[in-house]
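Below: one structure, written as structure tokens.
The values are calculated or read from the model by the stated rules, or taken from the named source; none is laboratory data. On a predicted model such as this, the values are computed, not experimentally measured, just so you know. Reconstructed Cβ throughout: ideal geometry from the backbone, glycine too, with neighbour counts over all protein chains shown. Protein only, heavy atoms only, side chains kept; ligands, DNA and RNA dropped before computing areas. Shrake-Rupley method; radii C 1.70, N 1.55, O 1.52, S 1.80 Å.
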Amino acid sequence: MIDRSINRIELRGNVGTTPRVNVVGETKVIRFSLATNEVFKDRSGAIREETTWHNIVAWAGKGMPDFSDIKKGTCVAVNGRVRNVRYTNSEGEDKYFNEVLANRLHIEDSLNLQM
């Protein structure tokens, strides 16, 4: 069977919140926000920096570091896929957000990165 679509994402940025680690069954799950930055010139020639926030979810296992090494400010490379999540809030309204389901996390040496 040929896959006719691709849902793949690669990100590298800094962890923006203290990660939450939970146990589901016998597996650890980590959730954290990741900030990626892009520097560009606007129409007037001024240099601007734009930060985009991503919600990351990962399960312990192959391709994953020790989750205790991931802290706020840690530079992390993420490979995974995007998933849309829908939930109903307490007022009965449907809300939506995107999250990245990571199949690989790598803690980067922030001293050697030029972001």
Single residue of Thr88, Thr52 found to be more than 18 Å from the chain's Cα centre (by Cα) and either among the charged types (D, E, K, R) or open to solvent by 50 Å² or more (accessible area, probe 1.4 Å) (or both) = Thr88
Determine which member of the set Arg81, Arg48, Arg12, Arg86 is charged (D, E, K, R) and in contact with a Cys (Cβ under 9 Å, 6 or more places away or on another chain).
-> Arg12
Do you know which residues across the range 92-105 are within 17 Å of the chain's Cα centre (by Cα) and open to solvent by 80 Å² or more (accessible area, probe 1.4 Å)?
-> Tyr96, Asn98, Asn103, Arg104
When the range 1-35 is examined, which residues are found to be of a type in the set (Lys, Arg) and open to solvent by 90 Å² or more (accessible area, probe 1.4 Å)?
-> Arg4, Arg8, Arg12, Arg20, Lys28
Counting just the residues of the range 84-106 that are of a type in the set (D, E, K, R) and assigned to a strand (DSSP E or B), which one comes out nearest to Ala35 (Cα to Cα)?
-> Glu99
What are the residues in the range 55-65 that are at pLDDT below 95 and open to solvent by less than 90 Å² (accessible area, probe 1.4 Å), if any?
-> Ala60, Gly61, Gly63, Met64, Pro65
